[in-house]
Amino acid sequence: MSEQRPLADRRIAQVLATSTGGVGTHLRSLLSPLGRAGASVRVCGPRATEELFAFTATGADFREVGISAGLAPAADLRAVLALRRATTGADLVHAHGLRAGLVAAAARRLAGERSRPLVLTLHNALPGGGGLRRQVLQAAELATIRGADVVLAASADLADNARRLGARDVRVAPVAAPPLPPARRPRPEVRRELGLDDQRPLVVAIGRLHPQKGYDVLLDAVARWVADPRLRPVPLVAIAGDGPLHDELAARIAAEQLPVTLLGRRTDVADLLGAADVCVLPSVWEARSLTAQEALRAGTPLVATAVGGIPELVGAAAQLVPVGDARALAEAVTGVLTDPALIARLGAAGPAQAAGWPDEAATAQQLVGLYRELLGQRR
């Protein structure tokens, strides 16, 4: 192994479940650096995820393994068997997310290859709630975390939880958002496309239409500022993303006649952030939100919930509000939109805060070092 190619002749399997956002984006950003380090990389996951992120375009191999986002015992068994076949001959397996980790740990046990290192990256916390489903998820989380040789946590709270659950080796490994390409269209053009004149504020939210993202609270906040005389004209809220809540959100927007438009999945996030007056992130939980990173890098004022890894990520460069508090969210957005000095401060603070984050190269370098450490131990 040379210093230039520290993973030469090593076969690395990357495993993920269904993903349409941050996990797939993060994994794709790692593949080229791992290849340059000499590794032969195989991605194992759902076909739809490969079609969305084009892992093979980076030079990686791909094997279809149908790991769903939710618990499904029959499908999980098929996924375990498929992953066992797909990882035959791999020197190290790295699973991204609890679902992928659960399948990877079971496949390793089935194959009797306990000496092969298993790395687990935690990107998200378990969803809230209670009942039998919650108990099953907690049991799966416990087994997955204890089954990994090393747990990488995207935020400090995830790392703390993994330690409480008995993980053998836990390390915080921040997930860097890939730099957005420059905006392709000027701000006025994007605003005209959305039907806005120069005076009407634009509030954007970017992320999957999923309960984790807190869009129900965002709509509650919109209803509040529609009635607020301080905001005239009333801001338009544009939500970029797709997901299982689309029809439910669309029905509520129509029923309450809220000034909200659902844009669907977009590839022009840089354009939207450049045209926005405020970006909102009302999530129930986040680790190192890619949206928060993108907004601060763009200098777009951000209002976000103070959950998970968000406070440590944004510092004083964003306005933080309690999770689930529509009144606080509405007041924070109103405060930004009506205070030019605050807009200017946040616009300058965002890029300054982002300058201190590790970039994709540093993230990949850390991972190469970890793989080399684990494979050296195995050797």
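The values are calculated or read from the model by the stated rules, or taken from the named source; none is laboratory data. Bear in mind the structure is a predicted one, so any value in this text is a computation, not a measurement. Every residue, glycine among them, receives a Cβ derived from its backbone with ideal geometry; neighbour counts consider all protein chains shown.
Among residues of the range 282-301 being closer than 15 Å to K213 by Cα and of a type in the set (A, V, I, L, M), the one that is surrounded by the fewest Cβ atoms within 10 Å (Cβ to Cβ) is V284. Scanning the range 367-377 turns up one or more residues that are assigned to a helix (DSSP H, G or I), within 19 Å of the chain's Cα centre (by Cα), at pLDDT below 95 and surrounded by 15 or more Cβ atoms within 10 Å (Cβ to Cβ). Those strands (runs of 3 or more DSSP E) of the range 1-109 in which at least 3 residues are buried (at least 16 other Cβ atoms within 10 Å of the Cβ), considering only elements entirely within it, cover 11-16, 40-45, 92-96. If you filter the range 214-263 down to residues that are in contact with a Gly (Cβ under 8 Å, 6 or more places away or on another chain) and among the small types (G, A, S), you find that the one that is modelled with the lowest pLDDT is G241. Tallying residues that are surrounded by fewer than 16 Cβ atoms within 10 Å (Cβ to Cβ) and in a helix (DSSP H, G or I) within the range 247-266 yields 7. Looking at D277, D339, just one residue is more than 20 Å from the chain's Cα centre (by Cα) and free of Cβ contacts under 8 Å to residues at least 12 places away in the same chain, and that residue is D339.
Going through G315, G347, G324, G308 one at a time, which residue ends up being surrounded by fewer than 22 Cβ atoms within 10 Å (Cβ to Cβ), at positive phi and touching a residue at least 40 places away in the same chain (Cβ under 8 Å)? Full working, then the answer.
Numbers: G315 fails: touching a residue at least 40 places away in the same chain (Cβ under 8 Å); G347 fails: at positive phi; G308 fails: surrounded by fewer than 22 Cβ atoms within 10 Å (Cβ to Cβ).
Going through G315, G347, G324, G308 in turn, the sole match is G324.
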